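Student: The structure that follows is given in the form of structure tokens.
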Amino acid sequence: MNRRSILKSIAGVGLAGLMTPREQRAQQAVEKAVRGLARPKIKDIAVIETAPAGVRLDVVKITTDQDGLYGYGCATFTQRADLVKPAVERYLKPLLKNHTVDKIEDIWQTCYDSSYWKNGPVLNNAISGVDLALWDIKGRMANMPVYDLVGGKCREAADVYAHADGGEIQQVIDNAKRYMGQGFRNVRMQVSVPGYQGYAGGGGGAVPPVKGLAAGPVFEPLPYIRRVLKMFDAAREQLGEDVGLLHDVHERVTPNEAVRFAKDLEKYHLFFMEDPLSPEDIAYFRQIRQQCATPIAMGELFNSPHEWTPLISERLIDYIRCHVSQAGGFTPARKIAILGEQFGVKTAWHGPGDVSPIGHMANVTLDVVSYNFGIQEYTPFNARTQEVFSGCPVCEDGYLWPSTKPGWGIEVDEKAAAKYPFTNPANGLNGGWGELRKGDGQIIKQ
Ligand code: MG
């Protein structure tokens, strides 16, 4: 036995430096075969459009040249859902066909740079669909859920908040009590403002709608702010201090009103106040920070690092809550989470009904692997949604659990998905939102 053979027999076959190039290639081939790491190529990329809960969802399916190996990703931008399909199938598919599936970061950057102009919601969602599908494929190849691929859990499940809505203040509080009875520890509280078109809350109540100078619904910030403060007064009195209470302003007030509103809410010790400002006004977060300690959550409308980076690095918010597919997928969202950890900013990923179950699985995966997890928005999956998507995340006692199956752990029944096509509602807007105006007729943010 010569010296090389002796060393190999002592140290095993891992000492590549002691092998000839031919021996190294042979060993790599054996390792690939043994570990199933042959590198499949992308054969097709298609978008599945479905609306099982009446909300338009876009799901990207990547199939590979390896039999039975495929993956799903969320690309849902419900207000412009019809535009995502061509962005994926006419632009990303020809770009990525025959690429190997293994280099997710490389593929993400390839897609991101290919449009030259970037950081828009349609293109980001298209990239997200591909990105999540590749993580799904990698998980299926490794026989691991994605949370294991990125290092494993640092908590068992994600604490969530439920949506308590109502036309009247007492209705909202009663709904919150119902959720607390089901084990939820955190509740978002939204109440209607009589006569006005509010966000959530379920309509303006029994009062006739306020008529403005333009036809259609009207919203005014000051009656809304007064109503919400009244609601939290009653809520803290009836619900006590132990429950986490949240509220979404939905960027419907002016910057100065937002500063005062945050100060007035301080005494109710909210878990967080969400979106007090629109992305165009983010410089005002500094003023809120200087004047009160109400925790602030922001980010569901963000598409660009130029939006989230300054708010995180200057510690101007407490929770970053991007819509993962709007931000471009799991790959950039994980970077956002890690950036947040360095600056003491927690995560609260956007989790409404206009995220597909695959997007929700990406959310809860980030929740269980990120040390700086804050809270997760929760929306239940109805029976039709579970008919299309088997393996949705499960919520028990106010905790959301990711699947333990490989990848995202979700299978899409494409025949069932086809039973719930996009339909155009009576307003003819293809899922887009209509108009909201102030009493004087000025259009405002919704
Ligand atoms: Mg929101």
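The values are calculated or read from the model by the stated rules, or taken from the named source; none is laboratory data. The model shown is predicted, which means the values in this text are computed figures rather than measured ones. Please note: Cβ atoms are built from the backbone with ideal geometry, for glycine as well, and neighbour counts cover all protein chains shown.
Student: So residue 433 passes all but one of these: (1) surrounded by 11 or more Cβ atoms within 10 Å (Cβ to Cβ); (2) touching a helix residue (DSSP H, G or I) at 6+ places or on another chain (Cβ under 8 Å). Which condition number does it fail?
Tutor: With (1) surrounded by 11 or more Cβ atoms within 10 Å (Cβ to Cβ); (2) touching a helix residue (DSSP H, G or I) at 6+ places or on another chain (Cβ under 8 Å) applied to residue 433, the lone miss is (1).
Student: Still on this model: For the range 289-302, how many residues are part of a loop (DSSP other than H, G, I, E, B) and either away from the ligand (no atom under 15 Å from the Cβ) or in contact with a Ser or Thr (Cβ under 9 Å, 6 or more places away or on another chain) (or both)?
Tutor: So the count comes out to 4.
Student: Same structure, new question: Can you tell which of 181, 166 is surrounded by fewer than 17 Cβ atoms within 10 Å (Cβ to Cβ), in the same structural domain as residue 408 (by TED's automatic domain parsing) and either without any contact (Cβ under 8 Å) to a residue 40 or more places away in the chain or more than 19 Å from residue 374 (Cβ to Cβ) (or both)?
Tutor: Selected residue: 181, the only one of 181, 166 that is surrounded by fewer than 17 Cβ atoms within 10 Å (Cβ to Cβ), in the same structural domain as residue 408 (by TED's automatic domain parsing) and either without any contact (Cβ under 8 Å) to a residue 40 or more places away in the chain or more than 19 Å from residue 374 (Cβ to Cβ) (or both).
Student: I've got another one for you. Does residue 110 count as out of contact with any Gly (no Cβ under 6 Å at 6 or more places or on another chain) and surrounded by 15 or more Cβ atoms within 10 Å (Cβ to Cβ)?
Tutor: Values: out of contact with any Gly (no Cβ under 6 Å at 6 or more places or on another chain): yes; surrounded by 15 or more Cβ atoms within 10 Å (Cβ to Cβ): yes.
Criteria met by residue 110.
Student: In addition: All but one of (1) without any contact (Cβ under 8 Å) to a residue 40 or more places away in the chain; (2) surrounded by fewer than 17 Cβ atoms within 10 Å (Cβ to Cβ); (3) within 30 Å of residue 104 (Cβ to Cβ) hold for residue 405, so report the exception by its number.
Tutor: In the conditions (1) without any contact (Cβ under 8 Å) to a residue 40 or more places away in the chain; (2) surrounded by fewer than 17 Cβ atoms within 10 Å (Cβ to Cβ); (3) within 30 Å of residue 104 (Cβ to Cβ), residue 405 misses (1) alone.
Student: Based on what the data block shows, is residue 286 within 25 Å of residue 444 (Cα to Cα), of a type in the set (Lys, Arg), within 16 Å of the ligand (Cβ to nearest atom) and assigned by TED's automatic domain parsing to the domain that holds residue 187?
Tutor: Here the answer is no, as residue 286 does not meet what is asked.
Student: Residues of the range 220-233 being more than 16 Å from the ligand (Cβ to nearest atom) and either crowded, with 16+ Cβ neighbours inside 10 Å or basic (Lys, Arg) (or both), which ones?
Tutor: Selection gives 220, 221, 225, 226, 227, 230, 231, 232.
Student: Next question. For residue 259, all conditions in the list (1) within 16 Å of the ligand (Cβ to nearest atom); (2) within 26 Å of residue 307 (Cα to Cα); (3) surrounded by 19 or more Cβ atoms within 10 Å (Cβ to Cβ) hold save one; what is the number of the exception?
Tutor: (1)
Student: I'm trying to understand the selection: among the residues of the range 308-322, which are out of contact with any Leu (no Cβ under 8 Å at 6 or more places or on another chain), within 16 Å of the ligand (Cβ to nearest atom) and not aromatic (Phe, Trp, Tyr)? Lay out the reasoning, then the answer.
Tutor: At the first step, the residues of the range 308-322 found to be out of contact with any Leu (no Cβ under 8 Å at 6 or more places or on another chain) are 311, 314-316, 318-319, 321-322.
Now narrow it down to the ones that are within 16 Å of the ligand (Cβ to nearest atom): 311, 318-319, 321-322.
Passing the criteria: 311, 318, 321, 322.
Student: Go through (1) within 16 Å of the ligand (Cβ to nearest atom); (2) on the phi > 0 side of the Ramachandran plot; (3) surrounded by fewer than 19 Cβ atoms within 10 Å (Cβ to Cβ) one by one and return the number of the condition residue 281 breaks.
Tutor: (2)
Student: If you scan the range 239-255, which residues turn out to be within 27 Å of residue 181 (Cβ to Cβ) and within 14 Å of the ligand (Cβ to nearest atom)?
Tutor: 246, 247, 248, listed by residue number.
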